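Some notes on the structure that comes next.
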Amino acid sequence: MSGNRTKGGLVDWIEANATTELALTINGAEHRLTIDARVTLLDALREHLHLTGTKKGCDHGQCGACTVLVDGRRINSCLSLALMHQGDAITTIEGIGTPEALHPLQAAFVAADGFQCGYCTPGQICSAMGMLGEIEAGWPSHVSDDLDAPAVADTEQIRERMSGNLCRCAAYPHIVEAIASVARDRAEAAA
């Protein structure tokens, strides 16, 4: 099967039993795979590349545990075929910080106790990174009163923008506190 995707283009017809070769750029490294063309990005990451930091929660795009960044934008990797992401820059939790040098969001989650069991935390952090980028780009949210006003990272905005990421332990106040602290630090650094 040819099945190659051009950036922004269409995916060729996929036969039910077809395998395909593809190259994915994940956390800055290229990975070549030969997989069933119907494999989701989530399963490619977890089952084929053993990048298990990205979690499978509902597998229906409703919990956000599988959130990764694709070209800096957050997506639910369970809802996207791996084949669709050739040429994209994919970032998973493994590509964000290290145990010795945590990313500021990871450090803020630790400081604010923004996790309980930790299962949703990789998706929460990837989503928060994407969300902060959306605010910096001036994207309004559903709770923005003025669509032309600069986007702000207040509690209401953070809660709405993170509403696609569920935490079964209900650590939401601490998650919002962690994200708000990073947003404040970024705003102060930019001032």
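The values are calculated or read from the model by the stated rules, or taken from the named source; none is laboratory data. Computed from a predicted structure; not experimentally measured. Note that we place each Cβ from the backbone using ideal geometry, even for glycine, and neighbour counts take in every protein chain shown. With ligands, DNA and RNA removed, areas are computed over all heavy atoms of the protein, side chains included. Shrake-Rupley method; radii C 1.70, N 1.55, O 1.52, S 1.80 Å.
Among the residues of the range 106-149, count how many are within 16 Å of residue 54 (Cα to Cα) and of a type outside the set (Ser, Thr, Tyr). Spell out how you get there, then give the answer.
Keep residues of the range 106-149 that are within 16 Å of residue 54 (Cα to Cα), which gives 106, 115, 117-130.
After this cut, where a residue has to be of a type outside the set (Ser, Thr, Tyr) as well, the list is 106, 115, 117-118, 120, 122-126, 128-130.
Counting residues in the range 106-149 that are within 16 Å of residue 54 (Cα to Cα) and of a type outside the set (Ser, Thr, Tyr) gives 13.
Going through (1) among the aliphatic types (A, V, I, L, M); (2) open to solvent by 60 Å² or more (accessible area, probe 1.4 Å); (3) assigned to a loop (DSSP other than H, G, I, E, B) one by one, residue 65 falls short only on (2).
Identify, from the list 101, 128, 170, 153, the residue that is open to solvent by 30 Å² or more (accessible area, probe 1.4 Å) and either under 19 Å from residue 67 (Cα atoms) or touching a residue at least 40 places away in the same chain (Cβ under 8 Å) (or both). Quick ask: steps written out before the conclusion?
On the way: 101 fails: either under 19 Å from residue 67 (Cα atoms) or touching a residue at least 40 places away in the same chain (Cβ under 8 Å) (or both); 128 fails: open to solvent by 30 Å² or more (accessible area, probe 1.4 Å); 153 fails: either under 19 Å from residue 67 (Cα atoms) or touching a residue at least 40 places away in the same chain (Cβ under 8 Å) (or both).
Result of the check over 101, 128, 170, 153: 170.
Within the set 138, 118, 114, 87, the sole residue that is assigned to a loop (DSSP other than H, G, I, E, B), at pLDDT below 95, surrounded by 18 or more Cβ atoms within 10 Å (Cβ to Cβ) and out of contact with any Ser or Thr (no Cβ under 6 Å at 6 or more places or on another chain) turns out to be 114.
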